[in-house]
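The values are calculated or read from the model by the stated rules, or taken from the named source; none is laboratory data. Worth saying up front: this structure is predicted, and the values here are computed from it rather than measured. Glycine also receives a Cβ, built like all others from the backbone with ideal geometry; neighbour counts cover every protein chain displayed. When the accessible area is computed, the model is the full protein with side chains, heavy atoms only, and any ligands, DNA or RNA have been set aside. Shrake-Rupley method; radii C 1.70, N 1.55, O 1.52, S 1.80 Å.
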Amino acid sequence: MSRTLDSRVRTSVPGFLLRSIPTLLTIITLVLVAGDDDLRRLPYPVLLVLGLIVVLSNLSLLPLRYGEPLGRATYGLLAFAVAGSVLWWALPGSVLIVLPFWVTRAAVRYHRPGWLQYVVVAVGVVGASVPIYVNTRSFAGALGSAFGVVALTLAALNRRNREDQLDELEVSLARKQAVIEEHGRAAALAERARIARDVHDVLAHSLAGLSLSLQGARLMLVRDGASEEAIEQVTRAQGLAAEGLAEARRAVAALREDAVPDVRALSDLVTAYRVESGAAADFEVIGAERELSADVMSTLYRTLQEALVNTRKHAPGAPVCVKLSYADDVRLAIEDRPGRRPGRATPGGYGLLGMRERADLVGGSLEAGPTAEGWRVELKVPG
């Protein structure tokens, strides 16, 4: 079973197939015009170089996730826009007019655009309209093509804004739910504290007094030379009173402890990170959930909490992916992706040391280290 909870980040939308369409169209078009010089305005080797730029730029965008900053991928989009526009001009009878349209949509669709993304849009507008005017001398056709690119760009912006609003609504609902649950938890803890006080004030004090009284009675019996059987009975009663007192104290301690965290508590940590940082965050549960011991759940919770604190400190605003996997053992993987390899490989940090110590206490293990895009922490515990 695989389940993604509320604090999710959408992967490539609508997927690799849609993103690979420009590559497929470019390859098919170049194959079709290979033997016909009349269809080309540039030498075929030049077209191949332009096509290669389009394909490589397009492939660099395939792993892009919704909500992540484009980063260096923007330069790929810019190269795509220029090469695609020239290809469309050089092959006026082809379907490659879709390239400027596609690149402008991609520039604004997946993340809030900056000035460089708007440069890509401008290149796309020029690349879609100028070749039409050069080929047909139709100003109306060129203007219509430019308006078409602008309309597509505005539609992509509008869709992304609506999805952002839905995300904000989900976060707002999550906040309200968290407040409701917190109030319920506070009420439950207050009631437990009241019961603990009553048990401590009445039962524990009574048992303590009874134990002391029985101890005094035993000493008096010994002093007065009572029978062994009488002394043994009083000693047994004193032992039972002492055991009852110890059980009462354990019950009071248990009532005063906080509730053991669960999977929902892990999801709430990720949601809190998303709300506070505004970054994309993903929490996914893989496999069939099962009950874990309190020590294991506390270790999972504290490890995730510490890992997110480290992300806030070392990679603020970075997208985070959290996966909880149930198999023969239980694995919790936390990976932040600021888009660069971090320079913080300091294994002696107290945060990592504390996480490793918690893992050791429950018979688990913890691995942490840099990745190509950020930092990864993986905890494995028996389950």
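Got at least one residue in segment 259-270 being exposed (fewer than 14 other Cβ atoms within 10 Å of the Cβ), more than 22 Å from the chain's Cα centre (by Cα) and modelled with pLDDT under 75?
Yes, because at least one residue in segment 259-270 is exposed (fewer than 14 other Cβ atoms within 10 Å of the Cβ), more than 22 Å from the chain's Cα centre (by Cα) and modelled with pLDDT under 75.
Checking the condition at pLDDT 85 or above and open to solvent by 40 Å² or more (accessible area, probe 1.4 Å), which residue from Ile21, Ile27 passes? I'd like the intermediate steps shown before the answer.
On the way: Ile21 fails: at pLDDT 85 or above.
Answer to the selection: Ile27.
Output the residue which, of all residues in segment 317-328 that are of a type in the set (A, V, I, L, M) and in a loop (DSSP other than H, G, I, E, B), is least open to solvent (accessible area, probe 1.4 Å).
Ala318
Name, by its number, the condition in (1) in a strand (DSSP E or B); (2) modelled with pLDDT of 90 or more that does not hold for Gly369.
Just one mismatch for Gly369, condition (2).
Scan segment 299-316 for residues that are open to solvent by 20 Å² or more (accessible area, probe 1.4 Å) and in contact with a helix residue (DSSP H, G or I) (Cβ under 8 Å, 6 or more places away or on another chain) and report the count. Step through it out loud before you land on a result.
First, the residues of segment 299-316 that are open to solvent by 20 Å² or more (accessible area, probe 1.4 Å): 301-302, 305-306, 309-310, 312-314, 316.
Keeping just the survivors that are in contact with a helix residue (DSSP H, G or I) (Cβ under 8 Å, 6 or more places away or on another chain) gives 301-302, 305-306, 309-310, 312, 316.
Residues that pass the stated criteria total 8.
List the number of the failed condition for Val126; all other conditions in (1) among the aliphatic types (A, V, I, L, M); (2) open to solvent by 60 Å² or more (accessible area, probe 1.4 Å); (3) farther than 24 Å from Arg72 by Cβ hold.
(3)
Which condition number does Leu61 fail, the rest of (1) part of a helix (DSSP H, G or I); (2) under 23 Å from Asn158 (Cβ atoms) being met?
All conditions are met except number (1).
Would segment 137-149 turn up any residue that is closer than 29 Å to Val31 by Cβ, touching a residue at least 60 places away in the same chain (Cβ under 8 Å) and part of a helix (DSSP H, G or I)?
For segment 137-149, residues closer than 29 Å to Val31 by Cβ, touching a residue at least 60 places away in the same chain (Cβ under 8 Å) and part of a helix (DSSP H, G or I): absent.
One line per residue, one yes/no per condition, for (1) surrounded by fewer than 17 Cβ atoms within 10 Å (Cβ to Cβ); (2) of a type in the set (A, V, I, L, M, F, W, C):
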| position | (1), (2) |
| --- | --- |
| Val119 | yes, yes |
| Leu152 | no, yes |
| Ala156 | no, yes |
| Arg162 | yes, no |
| Leu173 | yes, yes |
| Ile180 | yes, yes |
| Ala196 | no, yes |
| Leu210 | no, yes |
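So Lys323 ticks every box in (1) of a type in the set (D, E, K, R); (2) out of contact with any Asp or Glu (no Cβ under 8 Å at 6 or more places or on another chain); (3) closer than 30 Å to Val179 by Cα but one. Which box is left unticked?
Only one criterion is unmet by Lys323, namely (2).
Quick test of your reading of the structure: Ala281 fulfils all but one of (1) open to solvent by 30 Å² or more (accessible area, probe 1.4 Å); (2) modelled with pLDDT under 90; (3) not β-branched (Val, Ile, Thr). Name the failing condition by number.
Of (1) open to solvent by 30 Å² or more (accessible area, probe 1.4 Å); (2) modelled with pLDDT under 90; (3) not β-branched (Val, Ile, Thr), only one is false for Ala281: (1).
Please specify each residue of segment 57-115 satisfying the condition of being open to solvent by less than 50 Å² (accessible area, probe 1.4 Å), among the basic types (Lys, Arg) and at pLDDT below 75.
Hit for segment 57-115 is Arg65, nothing else.
Run Ala106 past the list (1) of a type in the set (A, V, I, L, M, F, W, C); (2) out of contact with any Ser or Thr (no Cβ under 9 Å at 6 or more places or on another chain); (3) more than 24 Å from Gly278 (Cβ to Cβ) and report the number of the one that doesn't hold.
(3) is the only condition that Ala106 fails.
Rundown of residues vs (1) free of Cβ contacts under 8 Å to residues at least 12 places away in the same chain; (2) of a type in the set (Gly, Ala, Ser), yes/no style:
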residue: Leu166; (1), (2): yes, no
residue: Arg175; (1), (2): no, no
residue: Gly184; (1), (2): yes, yes
residue: Ala190; (1), (2): yes, yes
residue: Ala196; (1), (2): no, yes
